[in-house]
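Peer 1: Dropping the structure in here first, questions after.
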Amino acid sequence: MTDNARAEAVVLRGVSKFFGTFQALKNINLTVREGERIVVCGPSGSGKSTMIRCINRLEAHQEGSIHVLGTELGDDLKNIDAIRREVGMVFQQFNLFPHLTVLENCTLAPRLVLRMSEADAEKEAMRYLERVRIPEQAAKYPGQLSGGQQQRVAIARALCMTPRIMLFDEPTSALDPEMISEVLDVMVELANSGMTMICVTHEMGFARKVADRMVFMAEGEIVESNDPKSFFEQPKSERTKQFLSQILSH
Amino acid sequence: MSALAASTARYRHGMEPFATVLVRRMFATWHDAAISIVCLAFVIWLLPKLIGWAFLDAVWSAPNATPCIGGAGACWAVITARWRLIIFGLYPFDQHWRSGLACLAVVVVVVLSCVPALWRPVRLSLLWLGGFLTFYFLMRGGVFGLSLVGTERWGGMALTLFIFTAVAVLGMPMAIILALGRQSELPAIRWLAGLLIDTVRALPLLTVLFTAAVILPFALPDWLIGDKLYRVIYAFALFFACAQAEIIRGGLQAIHAGQLEAAKALGLGYWHRTWHIVLPQAFRNSLPATINQFVITFKETSIVIIIGFFEVLASGHAAYGTGDWTSAYAEVYVFIALIYFAFVFSLSRYGAHLEKRMRLGHD
C-alpha cells in the first residue's frame, strides 16, 4: 500500500514501437514509482533494450504514451531535453567519450547542460568518482582503463547530472567475468541509496538482492511482472519457467 | 629459421656489427647483390659530383653571374643577390621588414598550435584568426601609420603563405558546415551540400581559379567584384572546403553510434553534441587525411602563377629571368624546392606528432 502512495516516475501506457514492419514493442503497460527498482529480463530480441531506450527517447515510440516524472514524451524537444536531464543511462558498451579524460567525461554535461562552474563540476565529479571507487583514475583517458573501471566511470558520469531515474541497459554484458562484481557492487549501493532504477540485466543474483519487481519480456511483450520471490519461485507462465531454467541452470 | 631469429636477436642487442647486417641484407642472393652493386656504383659516381657542384666548386657571392660562367659549381650567388625578390616579390623594398614579420607571424601561429594548452576549439580558432589578421594588417598597412600596400604588389613567400592560410582559415569552417550539412536530417540541406561538394570536386582547381579570376567579373555586379586576389582565395577556399568536407565526413562516419546516444542521454543538445563530442572525434579520425590535404593545398598555391600572381615560384622565375642571372635557373629552383620542402616537411612532422599524441585518446 505504501508503494501506491509514492509518485509515479515512469508510466508506459499501451506503448508500441515498430522498426519498419517489425513490431519491437507490443502494447507495453508499465508503471514505475519513485524509489522502485525494476529488473527487466528476457531472451535477446525481446524488446527490453528498446523499451528502456524509449524512456529517454533514444527510440521514438509510435503508439501509446510515455510519461516520465509527469511530463509526456512526444516530439516536443523541450520535453525531451527536460526528461533527459532527469534520467541517467548506462550502456552495455560504456560509451565513454574517448577524447576526454575521466574527469572531463564527468564534468562535460553538468557544465554545459546544468551550467555549473568548472570548479563545482569537478568537485561534484570527484565525489561521484569516489563513490564508484575510482577517484585515482580521474586524469586518465577511458582507453587506459579496464572494462569494469570504464563502466563505473559511466555510472559516475550519469550520476553527475543528479538524475532522479537511472536506466541500465545490460551494464555487465560486455565485461570480462572477473569485472562484473565491481560494477554490480556499485549498482547495489546505488539501489540501497533509494535511486529509482530500471535495469535490463541477466544478473539474477543482483536481481534477487535489489529488485522490487521483476519484469519478464518476450517478443516485444511483457509476459510476467512480479516480486522477485514469486517470480523466481513460482513463475506463472511457461515461457518464464523456460527462460529461468535456461539462465539459472549454469 | 632459428638461425635467422638468433641473428636478429643478436642484432637487436647490438652484438652483430652493422657491416655484417648490411651485407646480409643487401647481398643475400646473387640478384640482390647485383642490384646493390649497381645502386652503390651509381651513388659513388653521383655523390662526389653533387658535393662538388653544391659546395666545393660553388660560387657563393658575386655581383652578377659572370664569375659563375664556365665554372663547374653551383651559382649560389644568385640566391645571395636575389633572395629578397624570391621571398618578398614586388613588395616595396623599404617595407620588406613588414612582409618578413608577417611571414614570421604565420610561422609562430603554426608553432603555437603545437602547444597542447591551446588545443581548445575556441583558443585554436582565436590563435589562427589572430595570426591571420596580424599578417593581413602588416602586409596591407593603411593602419598604425603603415603605408598602404595593395594586394597587387604582394608577392613571393608572403603571398604563398597568405593564400595558404587564407584558404585554410576560410575553408576549414566551410568544410565543417558542408560535412555536417551532408549528414543533416533535413533532405533539402543534405541534397544541397551534396550537390555543391560533388560539383566542385568534379572540377579541376585551375578551372575554378580561372573562372573566379577572369570570368566571374563579367557575371557579377560592380560592387561585388572586389579584388582579384580575394576572388581567387574564396574560390580556392571553396575548392579546399569541398575536398576537406569529404575527409571530415569520413571521420564522422567512423564515430560509434553509442557516442551520440551517450551524449543525448546526458541531455546535451545538437550543438553541444556536435561541438564537444562529434567534431573532436571526427577530426582525430580524419587527421592523417587532413594533413595530407593541407600539404596538397600548400603546393597547389603555385597554380595562381597562371592567373598572374607573383607567388614564390613566380618570383623565382623573375629572380633568374632578368638577364644577369639567366644561367642560374637550376640554383633558384633548388632554393625554392628547399623552401617548399621545409614547410611541407614541418607540416607532415607536425601531423605525425598530433597523431601520436591523439592516439592516447583511443584505446
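The values are calculated or read from the model by the stated rules, or taken from the named source; none is laboratory data. Given the structure is predicted, the values throughout are model-derived calculations rather than measurements. Cβ atoms come from the backbone with ideal geometry, glycine included; neighbour counts cover every protein chain shown. Side chains included, ligands, DNA and RNA excluded: accessible areas come from the protein's heavy atoms. Shrake-Rupley method; radii C 1.70, N 1.55, O 1.52, S 1.80 Å.
Peer 1: For segment B:105-121 and segment A:108-179, compute the distance between their C-alpha centroids and round to whole Å.
Peer 2: First find each Cα centre; the distance between them is then 31 Å.
Peer 1: Sort B:Phe294, B:Phe137 by accessible area with a 1.4 Å probe, largest first.
Peer 2: B:Phe137, B:Phe294
Peer 1: If you line up the Cα atoms of segment B:83-359 on their principal axes, what length do they span on each, largest first, in Å?
Peer 2: Rounded to whole Å, the extents work out to 71, 44, 40 Å.
Peer 1: Take peptide A:87-94, look around each residue's Cβ out to 10 angstrom, count Cβ atoms belonging to other protein chains, and average those counts.
Peer 2: Across the residues of A:87-94, the mean count of other-chain Cβ atoms within 10 Å is 3.
Peer 1: If you don't mind, there's one more thing I want to ask. For A:Lys78, go through the lysines and keep the ones whose alpha-carbon is under 24 Å away, minus same-chain ones fewer than eight residues off.
Peer 2: Candidates past the 8-residue exclusion: A:Lys17, B:Lys264.
Peer 1: Largest first, how would A:Leu145, B:Leu170, B:Leu90 line up by accessible area (1.4 Å probe)?
Peer 2: Final ranking, largest accessible area leading: B:Leu90, B:Leu170, A:Leu145.
Peer 1: If you don't mind, another one. How much mean residue ellipticity at 222 nm does chain B get from its helices, if each DSSP H run of length 4 or more adds -39500 (n - 2.57) and you divide by all residues, to the nearest 500 deg cm²/dmol?
Peer 2: On the way: 16 runs with 244 residues, N = 363.
Rounded to the nearest 500, the figure is -22000 deg cm²/dmol.
Peer 1: With the cut-off at 21 Å, tell me which of the pairs A:Lys26/A:Lys48; A:Lys123/B:Lys356; A:Lys140/B:Lys356; A:Lys209/A:Lys229; A:Lys123/A:Lys209 have Cα atoms farther apart than that.
Peer 2: Listed pairs above 21 Å: A:Lys123/B:Lys356; A:Lys123/A:Lys209.
Peer 1: With Kirkwood's inverse mean 1/r over C-alpha pairs for Rh, give me the Rg to Rh ratio of the protein assembly as shown, two decimals please.
Peer 2: With Rh from the inverse mean 1/r over Cα pairs, Rg/Rh is 1.12.
Peer 1: Full extension from B:Tyr136 to B:Ala337: what is 0.36 nm times the residue separation minus their Cα-Cα distance, to one decimal in nm?
Peer 2: That works out to 69.8 nm of additional length.
Peer 1: To the nearest Å, what is the center-to-center distance of segment B:165-235 and segment B:292-306, using C-alpha atoms only?
Peer 2: Centre-to-centre (Cα) distance: 16 Å.
Peer 1: Straight-line reach from B:Lys228: which lysines have Cα under 17 Å away, leaving out those fewer than 8 places along the same chain?
Peer 2: Reachable lysines: none.
Peer 1: Using all C-alpha to C-alpha distances in segment A:89-156, build P(r) with 10 Å bins and read off the rounded percent in each one.
Peer 2: 24, 58, 18, 0
Peer 1: Per the Kirkwood formula on distinct C-alpha pairs, the Rh of segment A:16-80 is how many angstrom? Please list the in-between numbers first.
Peer 2: Working: mean 1/r = 0.0783 Å⁻¹.
The answer is 12.8 Å.
Peer 1: Based on C-alpha coordinates, I'd like the Rg and Dmax of segment B:124-210, in Å.
Peer 2: Gyration radius and largest Cα-Cα distance of segment B:124-210: 17.2, 52 Å.
Peer 1: If packing is taken as the mean number of other Cβ atoms within 10 Å per residue, what is the order of A:180-188, B:153-161, highest first?
Peer 2: B:153-161, A:180-188
Peer 1: If I stretch the segment between A:Asp227 and A:Glu118 completely, what's the gain in nm (0.36 nm per residue apart, minus their alpha carbon distance), one decimal?
Peer 2: Working: separation 109, 0.36 × 109 = 39.24 nm, distance 4.32 nm.
Stretched out fully, the A:Asp227 to A:Glu118 stretch lengthens by 34.9 nm.
Peer 1: Compare the Cα positions of B:Ser346, B:Gly89, B:Leu186 along the charge dipole of segment B:83-359 (+1 at Cβ of Lys, Arg; -1 at Cβ of Asp, Glu; about the Cα centre) and return the one farthest towards the positive end.
Peer 2: B:Leu186
Peer 1: Once you have the Cα-Cα distance between B:Thr29 and B:Ile44, take 0.36 nm times their residue separation minus that, and quote the gain in nm to one decimal.
Peer 2: Net length gain for the segment: 3.2 nm.
Peer 1: Would you work out the charge dipole size for chain B about its Cα centre, treating the Cβ of every Lys and Arg as +1 and the Cβ of every Asp and Glu as -1, and quote it to the nearest 20 debye?
Peer 2: 900 debye
Peer 1: Separate question: With the crude spin-label approximation of a point 7 Å out along Cα→Cβ, what separation in nm comes out for A:Asp185 versus B:Val21?
Peer 2: Result for the modelled spin labels: 4.8 nm.
Peer 1: Right, another one. Which of A:Val102, A:Gln137, A:Leu159 sits closest to the plus end of the dipole of chain A, meaning its Cα is farthest towards the positive end, when Lys and Arg get +1 and Asp and Glu get -1 on the C-beta?
Peer 2: Sorting the options by dipole projection puts first A:Leu159.
Peer 1: Same structure, new question: Mean-square fluctuation check for chain B, GNM, Cα pairs under 10 Å: which of B:Asp324, B:Asp32, B:Asp94 is largest?
Peer 2: Among B:Asp324, B:Asp32, B:Asp94, the largest mean-square fluctuation in the Gaussian network model of chain B belongs to B:Asp32.
Peer 1: Please give the FRET efficiency for A:Asp75 paired with B:His256, using the beta carbon to beta carbon distance and R0 = 35 Å, rounded to the nearest 0.05.
Peer 2: Working: r = 26 Å, r/R0 = 0.75.
The computed FRET efficiency comes out at 0.85.
Peer 1: Mind checking the mean number of beta-carbon atoms from other chains within 10 Å of the Cβ atoms in A:107-113?
Peer 2: Average neighbour count from other chains, rounded to a whole number: 5.
Peer 1: Continuing with this model, one more query. Between A:Phe22 and A:Lys209, what is the label-to-label distance in nm when each label sits 7 Å out along the Cα-to-Cβ direction?
Peer 2: Between A:Phe22 and A:Lys209, the label points sit 3.4 nm apart.
Peer 1: If you don't mind, another one. If one takes the accessible area of chain B alone plus chain A alone and subtracts that of the pair, with a 1.4 Å probe, what total in Å², rounded to the nearest 100, results?
Peer 2: Separately minus together, B and A give about 2100 Å² buried.
Peer 1: Rank-order A:45-54, B:256-265 by packing density, defined as the average count of other C-beta atoms within 10 Å over each peptide's residues, highest first. Before the final figure, lay out the partial values.
Peer 2: Numbers: A:45-54: 22.8, B:256-265: 19.0.
The most tightly packed comes first, giving A:45-54, B:256-265.
Peer 1: How do the peptides A:73-79, A:171-177 rank, highest first, by the average count of neighbouring beta carbon atoms within 10 Å per residue?
Peer 2: A:171-177, A:73-79
Peer 1: Further, regarding this structure: Provide the per-residue ³J(HN,Hα) series for segment B:170-182, in order, calculated from phi with Karplus coefficients 6.51, -1.76, 1.60 and θ = phi - 60°, each as a whole number of Hz, with x at glycine and proline positions.
Peer 2: The phi angles translate into 7, x, 4, x, 4, 4, 5, 4, 5, 5, 5, x, 5 Hz.
Peer 1: Per residue of B:267-275, how many C-beta atoms from partner chains lie within 10 Å of its own C-beta, taken as a mean?
Peer 2: Rounded to a whole number, the mean comes out at 4.
Peer 1: Tell me, what HN-Hα J-couplings in whole Hz come from the Karplus equation 6.51 cos²θ - 1.76 cosθ + 1.60 at θ = phi - 60° for each residue of segment A:182-188, using x for Gly and Pro?
Peer 2: Karplus-based 3J(HN,Hα) across segment A:182-188 equals 5, 6, 4, 4, 5, 5, 5 Hz.
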